[in-house]
Amino acid sequence: MRIGIMGIGYVGLPLAVAFAEQGHDVVGVDVDPRKTEALTRGESYVEDIPSPRLQAVAHRLEATTRAASLSRCDAVLVCVPTPLTANREPDLGPLVSATRVLADVLQRGQLVVLESTTYPGTTRERVAPILEETGLLAGRDFHLAFSPERVDPGRSDYTLRNTPKVLGGLTESCGDRAEALYREVCDEIVRVSSPEAAELSKLLENIFRSVNIAMVNEIAMLTDRMGIDIWEVIDAAATKPYGFMRFEPGPGMGGHCLPVDPFYLSWRAREFDLTTEFIELAGKVNQQMPYHCVSKVERVLNEAGKPVNGSRIAVFGVSYKPGVGDVRESPALKIMALLGALGADIAYHDPHVPSLPHDDRRSESFDDALDGCDLALIVTAHPGVDHDAIAQRAPVVVDLRGVTRGTRRSVLL
Ligand SMILES: NC(=O)c1ccc[n+]([C@@H]2O[C@H](COP(=O)([O-])OP(=O)(O)OC[C@H]3O[C@@H](n4cnc5c(N)ncnc54)[C@H](O)[C@@H]3O)[C@@H](O)[C@H]2O)c1
């Protein structure tokens, strides 16, 4: 087969490589020439795809900013971003623009699958009409389906291959066609009856996480006041063999998904006269967490007789999760901005983030960041970083991830 991927980022690139590894020709189309040029040079920008893996399939992988070659594809998978506008409403700009470009080259008999996370109704009400402006009818002249991406960046135990893939076709034959395609790269396909069910299943997964993280964050703010160790409480509760699922508190939610996706559903729900209280409440609690963390830093410095103003704070881990370099919506950035506004002198160490966007700071070496600091702040606990050494060497440590619990020298979230 020849497969087109529109949007070759965190989602699109692993898909492109997986299909190429199965012997299919892949054309990746992206509006960002830096990405297409890097791929052409055999350089990966996604941690989960090491460059040698990319180079091994280079002869089957074409990366381009021009959509014309999509016309020769059997299937086109759309993996473009689905962000929020400044007013926190769904921004379908990239999706609509990619769909219009695709409509210009759409051919009879092609399969189109949307993978971007979005609200129920997008595939049928927004994508299909644009593609049908060509005169071709979805479900008759071309196939259309929605299949959400479940990739968890940085994770190696669950991959595209062994993570069940949910799929909803516009018609039965759309679903059959998409299922045959994904069988090439996934062991298990979970068919649902419509694109809407598939779209909502992805949002349910993310809202489930967002709500549970918010709940445990709220309890962490309470245990902080009560003088109870939240980590000890969670460890104890997690010994229950049924009916409890472990979620951990932290500095807030980051990444492209959890801070964004739930609001796609709350926006859509308003059209149905419903306010989705859980989503709003979880968003509110999680957005407060960086402020809670900053006040904790203020208190700890105060106990050491120091103001935030002029104190040197070493931040460890600025990406939004361990093992990856993605800083999108990372709460570390918010925390650094808040501390910076209070006059703190901030250095950071993150082996995955050599420099920050819109910031002059660069990652300092572990030792340079630690030496001379008044307080070390562990925001994201990357594997391979010696957190025990931080707890031993820094005058005080605020540990937002509970990784230095054993050392008894740090202040936990
Ligand atoms: N990153 C994740 O962990 C993850 C997991 C599951 C689902 N998703 C969803 O997948 C979608 C893509 O996310 P991502 O993390 O891969 O984003 P990304 O920003 O890493 O990649 C998207 C790519 O699309 C390109 N693009 C933008 N507009 C385009 C257009 N009109 N035509 C062609 N290319 C265009 C961008 O340049 C970018 O390279 C989003 O809907 C996201 O919510 C992401």
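Here the Karplus relation 6.51 cos²θ - 1.76 cosθ + 1.60, evaluated at θ = phi - 60°, turns the backbone of the stretch 258-274 into coupling constants of 4, x, 10, 4, x, 6, 5, 7, 5, 5, 5, 4, 4, 5, 10, 6, 10 Hz, with x for every Gly and Pro.
The reciprocal of the average 1/r between distinct C-alpha atoms defines the Kirkwood hydrodynamic radius, which for the stretch 211-358 equals 17.1 Å. Scaling against 2.2 N^0.38 Å puts the C-alpha radius of gyration of the stretch 108-211 at 1.08. Computed from label points 7 Å out along Cα-Cβ, the spacing between ALA236 and ASP157 is 2.6 nm.
Of all aspartates and glutamates in the structure, the ones whose alpha carbon falls short of 17 Å from that of LYS165, not counting any fewer than 8 places away in one chain, are GLU115, GLU149, ASP152, ASP157, ASP176, GLU179, GLU184, ASP187, GLU188, GLU196, GLU199, GLU205. When the Cα positions of THR117, LEU136, TYR45 are compared along the charge dipole of the stretch 43-170, LEU136 comes out farthest toward the positive end, with charges on each C-beta of Lys, Arg, Asp and Glu.
Taking the Cα centre of the chain as origin and assigning +1 to Lys and Arg Cβ atoms and -1 to Asp and Glu Cβ atoms, the resulting dipole is close to 80 debye.
Straightening the chain between ASN87 and SER71 buys 2.1 nm, computed as 0.36 nm per residue apart minus the Cα-Cα spacing. Both numbers refer to the Cα atoms of the stretch 315-383; Rg and Dmax are 11.0, 30 Å.
Here the Debye sum runs over all C-alpha atoms of the stretch 49-126 as equal scatterers in vacuum, and log10 of I(q)/I(0) at q = 0.19, 0.21, 0.22, 0.24 Å⁻¹ comes out as -0.94, -1.05, -1.09, -1.18.
Averaging over all projection directions, the Cα-based convex hull of the stretch 371-410 occupies 2.5 nm² in the image plane. The calculated FRET efficiency for HIS59 paired with LEU137, based on their beta-carbon distance and R0 = 35 Å, is about 0.45.
What shape does the stretch 129-184 take by its C-alpha gyration tensor, where a ≥ b ≥ c are the square roots of the eigenvalues and a/c under 1.5 counts as rounded, a/b above b/c as prolate, and the rest as oblate? Prolate shape, in that a/c is at least 1.5 and a/b is the bigger ratio. Label sites at PHE272 and ASP187, each approximated as a point 7 angstrom past Cα along Cα to Cβ, lie 3.4 nm apart. Kirkwood radius, the stretch 156-235, all distinct C-alpha pairs, inverse of mean reciprocal distance: 15.4 Å. Note on LYS306: lysines with a C-alpha under 29 Å away, same-chain residues under 8 apart excluded, are LYS296, LYS334.
Put the Cα centre of the stretch 372-413 next to the Cα centre of the stretch 3-25 and the gap is 39 Å.
Using only side-chain charges placed at the Cβ, +1 for Lys and Arg and -1 for Asp and Glu, the dipole size of the stretch 6-88 relative to its Cα centre rounds to 180 debye. Counting only DSSP beta bridges with both residues in the chain, the antiparallel share comes to about 10 percent.
Using a Debye calculation, one point per C-alpha and no hydration shell, please list log10 I(q)/I(0) for the stretch 1-134 at q = 0.10, 0.15 Å⁻¹ in order. After summing over all Cα pairs, the log10 values are -0.31, -0.69.
Using 0.36 nm per residue, how much length does the chain from GLN392 to SER295 gain when fully extended, once their Cα-Cα distance is taken away? Result for the pair: 32.6 nm of gain on full extension.
Ordering ILE279, HIS292, ILE313 by Cα displacement along the dipole of the stretch 180-337 toward the positive end leaves ILE313 in first place; charges were set at the Cβ atoms of Lys, Arg (+1) and Asp, Glu (-1). The reciprocal of the average 1/r between distinct C-alpha atoms defines the Kirkwood hydrodynamic radius, which for the chain equals 23.0 Å.
Label-to-label distance for SER355 and ASN212 is 3.9 nm, based on points extended 7 Å past Cα in the beta-carbon direction.
Simple rule: put +1 on each Lys or Arg Cβ and -1 on each Asp or Glu Cβ in the stretch 347-413, find the dipole, and look at VAL353, VAL411, ALA389; the Cα lying farthest toward the positive end is VAL411.
Throughout, read-outs are computed from the coordinates displayed, never taken from laboratory work. These figures come from a predicted structure and were not determined experimentally. Ideal geometry is used to build each Cβ from the backbone, glycine not excepted, and the neighbour counts take in all protein chains shown.
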